[in-house]
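Asks: I'd like to ask you about the structure that follows.
The values are calculated or read from the model by the stated rules, or taken from the named source; none is laboratory data. Every value quoted in this text rests on a predicted model; they were computed, and no experiment measured them. Positions of Cβ are backbone-derived with ideal geometry, glycine not excepted, and every protein chain shown enters the neighbour counts.
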Amino acid sequence: MTAVPRVSTSPMTAESPSPSARIAASGDGSRAPVGIFDSGLGGLSVLRAVRAQLPGEALIYVADSLYAPYGERDDDFIADRTLAIGQWLASQGAKALVVACNTATAQSIALVREKLAIPLVGVEPGIKPAALQSKTRVAGVLATQVTLRSARFQGLLERYAADCRFLCQPGHGLVQAVERCDVGSAELRALLRSYLQPMLDAGADTLVLGCTHYPFLDAAIRDIVGDRLMLIDTSVAIARQLERVLDQHGLRAAPESAAAVLPRFYSTSDGTHQQQLAATLLQIDAAVDQVVIPSRRTAAPDSQAA
C-alpha cells in the first residue's frame, strides 16, 4: 500500500443525548448525517454505494475494528456491540443507521431497531437475486459462520432457494485479510481458491458475497473464476433501500447539499488500515479518528472479552 495514513489517536467517548433532539436541534433533519457501521472495514463497500446513490448525504462511518471479526464472536457480544455503536452514532446526530455488516444484521437488527429512535437499514446475503439469476440452479455463498448459522439466513434459504441448490462456505480468514488491507496476496488467492474451486466443480454459476468485506476481493475472485461465476453484491440494493427509507421519513438531503463533504471516519482501533483502504480502494483521503465506545461486554476500552 502506498497511502500514508493520517490517523488521529485522540480517543473520543460516547455521549447519550436523544437522537430526535439532536436532529431537531440541527434545524433541518435532512442535513443530519447518515451513520454507517460495520465490525471493521467491509462496510466501506456499502459507503461507496451510498455515496454514488445519494451524493448529497453527509456520512459518518464507524469500524469496530478493535473487536473484529464479528464472525468469531458469540451472539450476545455481537448484539451488545451493535447496540452500543448504534446509540453512539445516534448521539452524534445520525438521522438513520445502516448496519453494514451481515453478521450484525443477522444477529441483532431486531433488537437494535427496538432500542433506537432512528430508522435502520440492515444488510443480508443476496439469496433471492442468486436464485432468480442462476441458470445451473447451483449457487455458492461465501459468508461468516455466524451469518450462515443464523435464523435470518436460514429463513432466506427457505423463502427463496426453491429448486436452487446453495453451497454455503464459511469464509474463514477473508475478513482478517481485508482488515489488514490484503486483497491480492498469493496466500489470499490460495485461500480463495480452496473455497471457490469446489463450487465450480459442483456446477455453480453464481456466487453470493455474503459479507460486506468480500466485494473488496472482487479482483482476486475474478482472477480465479473468470466469468464462470456471476457475483452477487448487495451494496447497491442497500443504498437504494436507504434512499427509500430517507424519503419515507422526509430526511433525504438535496443532491448538492453535501457533495463536497468527505465522510467522517472513526475506528475503535487505531484506524491505520481503514485510512489505507479508503485511500486505495475508494480514493478517499481522510483522517480516521479513534473512538472509545464502551458496552456491557467491553466496559474497559481495551477489553478483548468475547
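Asks: Are any residues in the stretch 57-78 farther than 16 Å from Val112 by Cβ and part of a loop (DSSP other than H, G, I, E, B), and if so, which ones?
Replies: Glu57, Ala58, Ala68, Pro69, Asp74 - these are the residues of the stretch 57-78 that are farther than 16 Å from Val112 by Cβ and part of a loop (DSSP other than H, G, I, E, B).
Asks: Shifting gears a bit: Please state which of the following conditions Ala254 fails to meet, knowing it meets all the rest: (1) at pLDDT 95 or above; (2) aliphatic (A, V, I, L, M); (3) surrounded by fewer than 16 Cβ atoms within 10 Å (Cβ to Cβ).
Replies: Status for Ala254: all satisfied but (1).
Asks: Going through the stretch 160-180 one residue at a time, which ones are among the small types (Gly, Ala, Ser) and crowded, with 18+ Cβ neighbours inside 10 Å?
Replies: Listed by number, the residues that qualify are Gly171, Ala177.
Asks: Somewhere in the stretch 245-252, is a residue charged (D, E, K, R), under 20 Å from Gly35 (Cβ atoms) and part of a loop (DSSP other than H, G, I, E, B)?
Replies: For the stretch 245-252, residues charged (D, E, K, R), under 20 Å from Gly35 (Cβ atoms) and part of a loop (DSSP other than H, G, I, E, B): present.
Asks: If you go through the stretch 72-92, how many residues are within 9 Å of Gly35 (Cβ to Cβ) and touching a helix residue (DSSP H, G or I) at 6+ places or on another chain (Cβ under 6 Å)?
Replies: Count: 2.
Asks: Has the stretch 247-263 got at least one residue that is touching a Phe, Trp or Tyr at 6+ places or on another chain (Cβ under 8 Å) and in contact (Cβ under 8 Å) with a residue 24 or more places away in the chain?
Replies: yes
Asks: Being within 24 Å of Thr136 (Cβ to Cβ) and buried (at least 20 other Cβ atoms within 10 Å of the Cβ) is the requirement here; does Ala278 meet it?
Replies: It is false that Ala278 is within 24 Å of Thr136 (Cβ to Cβ) and buried (at least 20 other Cβ atoms within 10 Å of the Cβ).
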